[in-house]
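These notes concern the structure reproduced below.
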Amino acid sequence: MSFASDTKSELLSIKADKCCQLAELSALLRLHGEINLSSNGLRIEFQTTNMQIARRVIKNVKDSYHVEVDVISKKQMKLKKNDIYIIVIKNKANDIITELGLMNQLDSIYDEPLLVKECCKRSYLRGAFLASGSINSPTSSSYHLEIYSTDESFALVLSELMNSFNLKSKVVRRKKGFIAYIKESEKIADFIRVVGAINALFTFEDERIKRDFVNSITRVMNMDIANQNKTLNAANKQLRAISVLENMIESSKLPKSMTEAITLRKEYPESSLNELSDHSESMFKKRISKSALNHRFRNISSLAEQILEDMNEQ
């Protein structure tokens, strides 16, 4: 099973008070439900390919309204997709529609009477995620959580509800609808905590920590490699300048400071300036600082460049 499926399975095991059951049921029916009117009166139809979610809706309806529902199962022939489960609610349909506010046009979460309590807001988000939410595995290359809706205004309400928990949600258009989404890994973890999937939260955080640790190690290794390459490039330039001086000038005519730097570099061709400074103590019985060595090598390079320029002019 995918991480999203495991998360939804955990959410479906959560027991809720009646007020929270209604909030969760309202979100489920708003996203995957339809209200139909026929000669037999109003009826609500809820569709899902997840049998566990179908059972959850049936349980919430029976617990809250004490009515029986009809369940229809249909086969999807294309691409061997899962069966579709259609839950038909006929009895007390009008009461359910009214209490759950299914016909209300929401412009804000504050318009919904079911969302007064914080626990109900959490349950509403849980229902919305169960209905049409998805979340990338924390082992994937990017973090992403979204809830899909065909209605832009409702996607904005869902985003507003997420942001009441400081989740930094945004809304964007997608094919045939809109999504309220979260991108930051810390905020996705907060969403999982808000809706109550504690085991999924532990899994997400564990994988996130592992991934961040690996990324940190990789960054450090890349920095070390870059620094080593920088050191080697500088050393090679210095060795080339030293070669010019040795071919054109007698070592006895060079200042003692230069000959010391040249001796160190030739003895330790791949060492950094810090390492050369350490080696100077054993080689010359005195410590030559990094800044002093840097100054000496600049003078060596300048002198070598001047010699080459003079040769080119002749």
Nearest-ten-degree value, helix 198-248 long axis tilted from longest Cα axis of the chain:
20 degrees
Would you kindly compute the Cα radius of gyration of segment 109-179 and its largest Cα-Cα separation (Dmax), both in Å?
12.5, 40
Computed curve, segment 120-251, Cα-only Debye sum without solvent term, log₁₀ I(q)/I(0) at 0.11, 0.16 Å⁻¹, is -0.53, -0.83
Using alpha carbons only, how many degrees (0 to 90, rounded to 10) separate the axis of helix 51-65 from the longest principal axis of the chain?
50 degrees
Between residue 274 and residue 95, what is the spin-label point distance in nm, taking each point 7 Å from the Cα along the Cα→C-beta axis?
7.6 nm
Roughly how tilted is helix 3-12, in degrees to the nearest 10 and between 0 and 90, from the longest Cα axis of the chain?
40 degrees
According to the Cα gyration tensor, what semi-axes, each the square root of 5 times an eigenvalue, does the equivalent ellipsoid of segment 62-158 have, listed from largest to smallest in whole Å?
26, 24, 13
Using a 1.4 Å probe, what is the accessible area per residue for segment 1-102, in Å²?
56 Å²
I want the local charge near residue 99. Using Cβ-Cβ distances under 14 Å, sum +1 for each Lys or Arg and -1 for each Asp or Glu among the other residues.
-1
Please give every one of the lysines within straight-line cross-link reach of residue 18, meaning a C-alpha to C-alpha distance under 23 Å, and leave out same-chain neighbours fewer than 8 residues apart.
8, 59, 62, 90, 92, 117, 121
Pairs of Cα atoms under 8 Å, at least six residues apart: use those to get the relative contact order of the chain, whole percent.
14 percent
With every protein chain kept in place and a 1.4 Å probe, segment 145-275 has an accessible area per residue in Å² of 59 Å²
Across the Cα atoms of the chain, what radius of gyration and what greatest pairwise Cα-Cα distance (Dmax) are found, in Å?
34.9, 113
D (Stokes-Einstein, µm²/s), Kirkwood Cα radius, segment 80-129, 1.002 mPa s at 20 °C:
163 µm²/s
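The values are calculated or read from the model by the stated rules, or taken from the named source; none is laboratory data. Because the structure is a prediction, the values reported are computed rather than measured. For neighbour counting, all protein chains shown are included, and Cβ atoms are generated from backbone atoms with ideal geometry for every residue, glycine included. Side chains included, ligands, DNA and RNA excluded: accessible areas come from the protein's heavy atoms. Shrake-Rupley method; radii C 1.70, N 1.55, O 1.52, S 1.80 Å.
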